[in-house]
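The structure appears right after this line, and notes come after that.
The values are calculated or read from the model by the stated rules, or taken from the named source; none is laboratory data. All of these numbers come straight from a predicted model, not from anything done at the bench. Neighbour counts run over all protein chains shown; Cβ positions are idealised from the backbone, glycine included. Just the protein is used for accessible areas: all its heavy atoms, side chains included, with ligands, DNA and RNA removed. Shrake-Rupley method; radii C 1.70, N 1.55, O 1.52, S 1.80 Å.
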Amino acid sequence: LMCLYFICMLNEIQRLRVELKSLELRQTKQQQLIQRLMNHNQMDEHSLKAGSFYDMGDNQYMDCAQIFKNGSTLSGFYMIKPLLNLTRIRVYCDMTEGGGWTVFQRRSDGSQSFDRDWNDYKIGFGDMKSANGEFWLGNDNLHYLTSQDDYTLRINLEDFEGSHRFAVYKTFKVDNEQNHYQLQFGVYTGNAGDALSGSYHPEVQWWASHQAGKFSTRDRDNDRYDRSCAQEDKGGWWLNRCHSANLNGFYHRGPYSAVTDDGIVWYPWHGWWYSLKSVQMKIRPASFEPNDV
Ligand SMILES: [Ca+2]
């Protein structure tokens with residue numbers, strides 16, 4: 001009897017060990033789940049923050065650089081009033097990369113159509129609320145902004161392999177509507193290649209350069225091509241015949257094949273048949289000196 005009792009005890013101990021093991025396993029899984037949920041919440045908080053709107057009251061700022069210099073160093077949406085604007089406009093201020101950048105174009109996920117008419121490009125369109133929303137600030141606003149000071153343009157690009165490149169152009173200017181929002185830009189620096197001037201290849205420059213290019217949309221053809229580049233390449237842009245940069249093109253997601261090179265193209269980096277993942281176009285006064293933080 002004693003012996004049988006002992007065997008029973010052993011069996012019971014064995015059974016409890018197995019149960020303990022499975023409880024431990026469940027606890028580990030629950031901890032992993034809690035950690036995942038916490039990470040997720042932090043991500044939400046972070047993206048909500050970048051999508052915040054900052055109300056600066058009645059203060060008037062002509063661009064994001066003034067807001068930054070005044071001490072607001074968080075990226076997000078603000079109201080500004082460029083000197084020539086009649087009313088205040090909502091803009092996204094990027095306070096990274098030295099701060100003070102007024103963002104006028106963003107591509108991130110293909111959620112907005114950029115194949116739009118002249119009037120949409122004139123007044124602006126897209127998602128001006130989300131942290132990573134896609135938008136065009138509007139050609140009138142772009143003209144007003146770039147007429148009030150000497151601005152530097154910075155273009156940030158990202159591909160689907162996670163690589164980042166940039167292009168900076170001095171003295172970026174967009175003319176008024178009467179002159180079809182004609183584009184002007186100065187000296188290039190960066191590591192993405194000089195797609196805007198086409199200087200990477202002198203033989204393509206005459207047809208691919210965007211210097212002094214007039215803006216075209218699917219309903220307004222100001223390009224130098226016998227058909228319509230904007231219709232074929234599916235976005236409004238300073239098109240020649242047609243482009244070596246098409247940052248308002250169709251959101252294809254990486255390598256693509258199509259009738260024309262209508263993707264989000266930056267030719268010197270990925271060629272005509274690769275559509276980029278994200279783009280940001282932003283401006284800051286040339287005189288801007290970032291605060292030493
Ligand atoms: Ca044409």
Out of (1) out of contact with any Ser or Thr (no Cβ under 8 Å at 6 or more places or on another chain); (2) polar (S, T, N, Q); (3) within 16 Å of the ligand (Cβ to nearest atom), what's the single condition that is false for residue 280? (3)
Can you tell me which residue in segment 217-240 is farthest from the ligand (Cβ to nearest atom), limited to those that are touching a Lys or Arg at 6+ places or on another chain (Cβ under 6 Å) and either aromatic (Phe, Trp, Tyr) or open to solvent by 60 Å² or more (accessible area, probe 1.4 Å) (or both)? 231
Taking first residues from segment 246-270 that are closer than 24 Å to residue 197 by Cβ and of a type in the set (D, E, K, R) and second residues anywhere that are outside any loop (DSSP other than H, G, I, E, B) and open to solvent by 30 Å² or more (accessible area, probe 1.4 Å), the pairs with Cβ under 6 Å that are 6 or more apart or on different chains are 262/250
Can you spot a residue in segment 102-111 that is within 23 Å of residue 179 (Cα to Cα) and open to solvent by 10 Å² or more (accessible area, probe 1.4 Å)? no
For segment 202-216, pairs from a residue that is farther than 19 Å from residue 169 by Cα to a residue that is modelled with pLDDT under 95 and surrounded by fewer than 16 Cβ atoms within 10 Å (Cβ to Cβ), with Cβ under 6 Å and 6 or more apart or across chains, are 207/241
Give me the residue from segment 113-129 that is open to solvent by 50 Å² or more (accessible area, probe 1.4 Å) and more than 17 Å from residue 181 (Cβ to Cβ) and, out of that set, modelled with the lowest pLDDT. 129
Take the residues in segment 130-156 that are open to solvent by 10 Å² or more (accessible area, probe 1.4 Å) and acidic (Asp, Glu); name whichever of them is farthest from residue 66 (Cα to Cα). 140
When the residues of segment 241-260 are filtered to those that are within 16 Å of the ligand (Cβ to nearest atom) and open to solvent by 10 Å² or more (accessible area, probe 1.4 Å), which remaining residue is nearest to residue 167 (Cα to Cα)? 242
Conditions (1) open to solvent by 10 Å² or more (accessible area, probe 1.4 Å); (2) within 12 Å of the ligand (Cβ to nearest atom); number of the one not met by residue 211: (2)
Considering only strands (runs of 3 or more DSSP E) fully contained in segment 94-178, which possess at least 3 residues that are in contact with a strand residue (DSSP E or B) (Cβ under 9 Å, 6 or more places away or on another chain) and basic (Lys, Arg)? 164-174
Number of the condition not met by residue 162 [criteria: (1) away from the ligand (no atom under 16 Å from the Cβ); (2) open to solvent by less than 10 Å² (accessible area, probe 1.4 Å)]: (2)
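Would you confirm whether or not segment 220-230 contains a residue that is more than 28 Å from residue 259 (Cβ to Cβ) and small (Gly, Ala, Ser)? Walk me through it before giving the result.
Taking segment 220-230 and keeping what is more than 28 Å from residue 259 (Cβ to Cβ), we get none.
No: zero hits.
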Count of residues meeting criterion [touching a helix residue (DSSP H, G or I) at 6+ places or on another chain (Cβ under 7 Å) and either part of a loop (DSSP other than H, G, I, E, B) or open to solvent by 50 Å² or more (accessible area, probe 1.4 Å) (or both)] in segment 61-81: 3
